Amino acid sequence: MDMTTFLIFTLGMAAVTFAIRFSVIGMAGSFEMSDRMKRTLRFVPVTVLPAIIAVEILGAGPNMMFSLENPRVLAAIVCTIVSLRFDLVWVVLSGMGSLLLFQNILG
């Protein structure tokens, strides 16, 4: 694919994505959501984020590996333990450090 085609596709996808999102944002004030819908929508980020993280930690398809031989699983365990006691900065630092350590140890 040459650069011109790539740019046309990229700009086209950006325009379509913007149009879809802007249309929903533009309609937000024109209708009233029920209380049940509002309560339900509050849980969307809480459910989507772990789903994204789980795929990154465990892998997908035939590459899925949930064992203590997976350095990402071990780093996730370290992050979970650190998160029970410390702030987010320490969770991120411990996760990065433990992932690098486990990757070097386990190969």
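Looking at the stretch 40-56, is at least one residue over 30 Å from LEU99 (Cα atoms), charged (D, E, K, R) and either exposed (fewer than 10 other Cβ atoms within 10 Å of the Cβ) or within 21 Å of the chain's Cα centre (by Cα) (or both)?
Narrowing the stretch 40-56 to residues over 30 Å from LEU99 (Cα atoms): 40-42.
Now narrow it down to the ones that are charged (D, E, K, R): 42.
Now drop any that are not either exposed (fewer than 10 other Cβ atoms within 10 Å of the Cβ) or within 21 Å of the chain's Cα centre (by Cα) (or both), which leaves 42.
Looking for residues that are over 30 Å from LEU99 (Cα atoms), charged (D, E, K, R) and either exposed (fewer than 10 other Cβ atoms within 10 Å of the Cβ) or within 21 Å of the chain's Cα centre (by Cα) (or both), one finds at least one in the stretch 40-56, hence yes.
Specify the residue that is nearest to the chain's Cα centre (by Cα); the eligible residues are those in the stretch 7-26 that are open to solvent by less than 100 Å² (accessible area, probe 1.4 Å) and of a type in the set (A, V, I, L, M, F, W, C).
From the stretch 7-26, those open to solvent by less than 100 Å² (accessible area, probe 1.4 Å) are 7, 10, 12, 14-17, 19, 23-24, 26; that's our starting set.
After this cut, where a residue has to be of a type in the set (A, V, I, L, M, F, W, C) as well, the list is 7, 14-16, 19, 24.
Working: LEU7: 26, ALA14: 20, ALA15: 23, VAL16: 22, ALA19: 23, VAL24: 22 Å.
The selected residue is ALA14.
Mind listing whichever residues of the stretch 59-80 are in a helix (DSSP H, G or I) and at pLDDT 90 or above? Talk me through it step by step, then tell me what you get.
Just the residues of the stretch 59-80 that are in a helix (DSSP H, G or I), to begin with: 61-63, 71-80.
Across the stretch 59-80, the qualifying residues are PRO71, ARG72, VAL73, LEU74, ALA75, ALA76, ILE77, VAL78, CYS79, THR80.
Can you name every residue in the stretch 60-81 that is open to solvent by 30 Å² or more (accessible area, probe 1.4 Å) and β-branched (Val, Ile, Thr)?
Answer for the stretch 60-81, where residues must be open to solvent by 30 Å² or more (accessible area, probe 1.4 Å) and β-branched (Val, Ile, Thr): ILE77, VAL78, THR80, ILE81.
The values are calculated or read from the model by the stated rules, or taken from the named source; none is laboratory data. Nothing here was measured: the structure is a model prediction, and the numbers come from that model. Note that each Cβ is placed from the backbone with ideal geometry, even for glycine, and that neighbours are counted across all protein chains shown. Please note that ligands, DNA and RNA were not included when accessible areas were found on the heavy atoms of the full protein model with its side chains. Shrake-Rupley method; radii C 1.70, N 1.55, O 1.52, S 1.80 Å.
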